[in-house]
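Let me begin by presenting the structure, written as structure tokens, before commenting on it.
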Amino acid sequence: MRPSGWAAAVLAVLVALGGCARKDAMLSRLRAIDDNRAREVVSDALWGGGSMFAWAGHQTLRLEIAWTDHAPPDGRTHNEVWWLDTVGGRLRIESPEAREVAVFDGLTWRVLVDGRETDDLVRRAEAAGRGMMLRQLATLPFSLLDPDAKIMYVGTRTVPAEAKAWNRLFVTYAGGAFYEPGDRLVVEVNCDTRRIDTVGLCWAETPFLGGDWRVDMDEWFPAGDLVLSRRWRFTPVNQAGDATGPMRWTVRVTGVALDVPAEPPR
């Protein structure tokens, strides 16, 4: 039923108040970063992504994903749909080819295959890994405002021959339902574009399993009033950041929608 003019006005006020509260919370998180230089770099990156105020105005993010596994004998690509409640932290990972839906209610994962819940631990671990990527990579730079994140500035990397420089941030996590004690990121923010070009990650979740990985993030594009990365390429590396093997996965964003309600599990 269409709301009356009075009801619509009240609803608009409530939404506006909620948005203001969220902006205030994000601003508080930014100010709470103890390292002054890290706080400056995070602020630059947020503006490079469209600003935290734009991010605060959206309730959900829905991504269509093409995931390519480059392992021999040949690369295999499958499609997924990822949905994030940016306010409440709920997630939905849908794999149509596998007839699988995984949902996270903020505390626990449930995995359904052909509409029936399964206790398969491998599927649940894979869903948790996808969820980590959605929360931490897909939403960069805004995920740097995660209340569990602790951020330090760790210097600048330069390539004099190419006249390029990156500010580097070291990110660890203090508790939370999503994180293991050893989970960490090294985020490199391009000094010229204010966008994130590279992420070094070590996550306990599947498929990373505590190894070190370099993620090259590029093809940044406008999605409404945000700017997001369209392509992420994953390469195993050693602790010095040198590749220890060929690129393993490419994850490509093929579609974006903002403020789309989640479908219930089927």
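The values are calculated or read from the model by the stated rules, or taken from the named source; none is laboratory data. Everything quoted here is computed from the prediction, not taken from an experiment. Neighbour counts run over all protein chains shown; Cβ positions are idealised from the backbone, glycine included.
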Show me the strands (runs of 3 or more DSSP E) found entirely inside the range 128-207 where at least 2 residues are modelled with pLDDT under 95. 149-159, 164-173
Test Ala240 against the stated conditions and say whether it is surrounded by fewer than 19 Cβ atoms within 10 Å (Cβ to Cβ), within 26 Å of Pro147 (Cα to Cα) and among the hydrophobic types (A, V, I, L, M, F, W, C). no
Which of the residues spanning the range 231-259 are assigned to a strand (DSSP E or B) and either closer than 22 Å to Asp85 by Cβ or touching a residue at least 60 places away in the same chain (Cβ under 8 Å) (or both)? Trp232, Trp249, Thr250, Val251, Arg252, Val253, Thr254, Gly255, Val256, Ala257, Leu258
Answer yes if at least one residue in the range 83-95 is more than 16 Å from the chain's Cα centre (by Cα) and surrounded by fewer than 17 Cβ atoms within 10 Å (Cβ to Cβ), and no otherwise. no
Selection over the range 64-122 where residues are assigned to a strand (DSSP E or B) and not acidic (Asp, Glu) yields a count of 27
Out of the range 226-266, which residues are over 23 Å from Arg92 (Cα atoms) and of a type in the set (Asp, Glu)? Asp242
